[in-house]
């Protein structure tokens, strides 16, 4: 290769300097810089590709690739269409301004000073034009692509078949159409303004506009061009005024009687609405005047017209409505606003699903004199849950964690499980993976060895053992109990927030028992296969973990699992849904399924007041547990439906979406946009239906609205005299609202208990009780979702939760008992304060837990009960109820089979035992009539003993005769029961 060289003058005075070789280093530097630049570009490109590719692989793995492609192509389409439109609009106007430039002869001093700029950009004007248009196109396209939800809702919108009361348009116009029209209008304004600015600068640069030069300030061509752009801007303003008329139906305003009011008020209908119409007409005329400058070549009339439009906007659109409000509405507000309040009441109740709420009067005090009757009624009225799922998680942790690398969620869940043909409230939690508890944290342990939790732990919600511990119905490791057999490995859960690589050469720890560690290898089809080196490289970049690319622990069959919390998975496959803050597990068809409630929402329901989801769903539990807060914390909505029930398999991660609200037009719209993603309601199995329940976040939103919207009379509503509030949680000092509680109970108009979600209300600014609210939470029943509100009289006061708690704390005997319980280093924790309507009065029950004395977990030690003016603080719920009512519950008598003679047997020993059993049964019945519980208990023991003797004697006789049975087998008992009281 030839070496380049050159001679430099000799600084020392010689004719020539030494020959210096510089060509090869210069080429190396250039090559190195070029290589580095290419590598940097390739690195950035591969990083972008990695994000795109891993997203595609994940959606394909969960079988929701259509969601990814539909969203992607919609974004791309909007990006290119609106980016191109914006680029064309700005580029065309710059080109046109340049084309209309005046000749540069006899230039003024101003133009001469601009000449150097023109000369500087002349060689690059084409590239400069392309660069400017590309830049504005990219910005506009990126902004438009973010409107993919608005576009899909507009193009797929389904009618509500309900019309607003003002303009008589279908609600879908406000929910689906108006947001898209507003986007188009905003885009039009942006294009007009940018085009106007670009055109004005070009005209100024090339002499079409002059600022300091004498004579005409603008050429005729520039005048016509800019006038047209101004006319387009004013025409768009006219369209804005017209759309603003419809926007009044969904306009928010602060109104002291209703809070965040949405819809027209008197001043809107009688001042703003005609004002918008007048301003629309003025804007159209003003736009025509600007367009007329193409012929008149003067701005005099357009400028006058524009000034009149601005003045009209101030006077007609601002001052006139203020005068109407001041002198017509305020002197007689109730009469003026009542018709509009009535519309707001109706629309708000419909939009939030509270229009069917049944409000009944409730006395608040019992009229029954016979306390023993009330004591018996307690058991049939409610299955009172004394195991608080929000307190006993540490107890589950201590007793059922088994290994440090397992953990339970902070708040456990309440579900229903059947046993002996009867459903019982059950507190349930999963033993999930806890990476902080593994013996040694490293990459292999964190992502290959410890990959999943194991098993369900469940306990009766209505019982505790003699030590105050939960009565477990499913426990130990592997879990055993009442739930039968099911897949116990938990690869997907609320606490599983990191990725795992499974199914390859590295074995996973399944669980440990007395014989040591049990290992496994994931057999599911979840996750993304890492056999492909491109996939490994993409995930190494996406997760910023280079070991994924070269680790020997990854091999044939290795799969990477991520996005593993139920909320994350449902959000990803259905980004158009708002997810409830509390996913809960259930054993369904021999599998652990996470059940997730999801909502469709809009803020475009006319006349319905808006609410902020993050504020209305906050309570004393979400304040300390952010995972239970609604995802869209600051979403303002004025329509909400629990339209989708979703499940996430804890082993396979499979996500299924089921249509729950078959009438919801918002869901139907999204189902059109994403066909095949939501299964019909008929696909829900009965075993899954048994565990579906009414969601907490929807209930919180509805109860917040019902603090004001339980009133249907507009005059009363405006007076604010019957405004309620959700009381603060009296069991702690958080200052946050009391959470709703799941409870199986019977309301006064119900014949049997139903699984319900309950809450209380107090008057605004006061602590006494004003109402009690429940919703039937048991899915699949005719009354599911029915809201019942018991309204207490305002003429008398009934203690509310805070007052009941104060009563508990102030009674001397209770205070002394609590002081004893706090002895040493023990702490008192108050459980859920449950409220149960009973015979016109209200029964309050609160479990009291003690944590301390060397124990790190709370144990149930006492139960507080209050009814009327009676309070009890006892070791068990039964003891507390007996003390409050001054009577014990009457055991349910065994059913009478009509048998008057004892059964007979050919075996004398068996016959004697049966005779003794009959005598014991008769003695028990007699004791029941006399309410002699001691004698009844002894009779039950004698009955059980007699039946045992009969069984033993019959078994012995069968063995003696070679296994043949006696001709007359002993009957269990005349009552069919061994006789538990």
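The values are calculated or read from the model by the stated rules, or taken from the named source; none is laboratory data. Please read these numbers as outputs of a predicted model, since none were measured by experiment. Glycine gets a Cβ as well: all are built from the backbone with ideal geometry, and neighbour counts include every protein chain shown.
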(message) Given the criterion farther than 27 Å from residue 381 by Cβ and within 28 Å of the chain's Cα centre (by Cα), identify the matching residue among 735, 720.
(response) 735
(request) Among the candidates 544, 563, 535, single out the residue that is surrounded by 15 or more Cβ atoms within 10 Å (Cβ to Cβ), at positive phi and not in a strand (DSSP E or B). (result) 563
(request) Return a yes/no flag: does the stretch 813-828 have any residue that is in contact with a strand residue (DSSP E or B) (Cβ under 8 Å, 6 or more places away or on another chain), at pLDDT 85 or above and buried (at least 16 other Cβ atoms within 10 Å of the Cβ). (result) yes
(request) Could you please find all residues in the stretch 69-88 being free of Cβ contacts under 8 Å to residues at least 60 places away in the same chain, over 20 Å from residue 59 (Cβ atoms) and surrounded by fewer than 18 Cβ atoms within 10 Å (Cβ to Cβ)? (result) 84, 88
(message) Being in contact with a strand residue (DSSP E or B) (Cβ under 7 Å, 6 or more places away or on another chain), buried (at least 21 other Cβ atoms within 10 Å of the Cβ) and in contact (Cβ under 8 Å) with a residue 24 or more places away in the chain: is that true of residue 140 here?
(response) no
(request) Give the residue that is surrounded by the fewest Cβ atoms within 10 Å (Cβ to Cβ), with candidates limited to residues of the stretch 293-306 that are under 13 Å from residue 231 (Cβ atoms) and without any contact (Cβ under 8 Å) to a residue 40 or more places away in the chain. (result) 295
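Here's the yes/no breakdown for (1) assigned by TED's automatic domain parsing to the domain that holds residue 224; (2) within 30 Å of residue 219 (Cα to Cα); (3) modelled with pLDDT under 90:
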| site | (1), (2), (3) |
| --- | --- |
| 256 | yes, no, yes |
| 266 | yes, no, no |
| 292 | yes, yes, yes |
| 301 | yes, yes, yes |
| 325 | yes, no, yes |
| 346 | yes, no, no |
(request) Could you look through the stretch 188-227, keep only residues that are surrounded by fewer than 17 Cβ atoms within 10 Å (Cβ to Cβ) and in contact with a helix residue (DSSP H, G or I) (Cβ under 6 Å, 6 or more places away or on another chain), and pick out the one that is modelled with the highest pLDDT? (result) 189
(request) Determine whether residue 451 is within 25 Å of residue 570 (Cβ to Cβ) and in contact with a helix residue (DSSP H, G or I) (Cβ under 8 Å, 6 or more places away or on another chain). (result) no
(message) Please determine whether any residue of the stretch 706-716 is under 21 Å from the mean Cα position of the chain (by Cα), more than 30 Å from residue 171 (Cβ to Cβ), part of a helix (DSSP H, G or I) and in contact (Cβ under 8 Å) with a residue 40 or more places away in the chain.
(response) no
(message) Based on this model, can you work out whether residue 558 counts as buried (at least 21 other Cβ atoms within 10 Å of the Cβ) and within 11 Å of residue 503 (Cβ to Cβ)?
(response) yes
(request) Give the residue, chosen from 129, 185, that is at pLDDT 95 or above and in contact with a helix residue (DSSP H, G or I) (Cβ under 7 Å, 6 or more places away or on another chain). (result) 185
(request) Within the stretch 838-875, work out how many residues are within 27 Å of residue 773 (Cα to Cα) and free of Cβ contacts under 8 Å to residues at least 40 places away in the same chain. (result) 5
(message) Going by what's in this entry, would residue 338 be described as assigned to a helix (DSSP H, G or I), surrounded by 14 or more Cβ atoms within 10 Å (Cβ to Cβ), modelled with pLDDT of 85 or more and out of contact with any helix residue (DSSP H, G or I) (no Cβ under 7 Å at 6 or more places or on another chain)?
(response) no
(request) State yes or no: is residue 314 surrounded by fewer than 19 Cβ atoms within 10 Å (Cβ to Cβ) and either more than 27 Å from residue 718 (Cα to Cα) or under 42 Å from the mean Cα position of the chain (by Cα) (or both)? (result) yes
(message) more than 30 Å from residue 838 (Cα to Cα), assigned by TED's automatic domain parsing to the domain that holds residue 251, modelled with pLDDT under 90 and in contact with a helix residue (DSSP H, G or I) (Cβ under 9 Å, 6 or more places away or on another chain): is that true of residue 321 in this structure?
(response) yes
(request) Quick one: count up the residues across the stretch 520-532 that are buried (at least 16 other Cβ atoms within 10 Å of the Cβ) and farther than 21 Å from residue 649 by Cβ. (result) 1
(request) Could you check the stretch 388-506 for strands (runs of 3 or more DSSP E) lying wholly inside it with 3 or more residues that are under 27 Å from residue 753 (Cα atoms)? (result) 413-419, 422-430, 456-464, 470-475
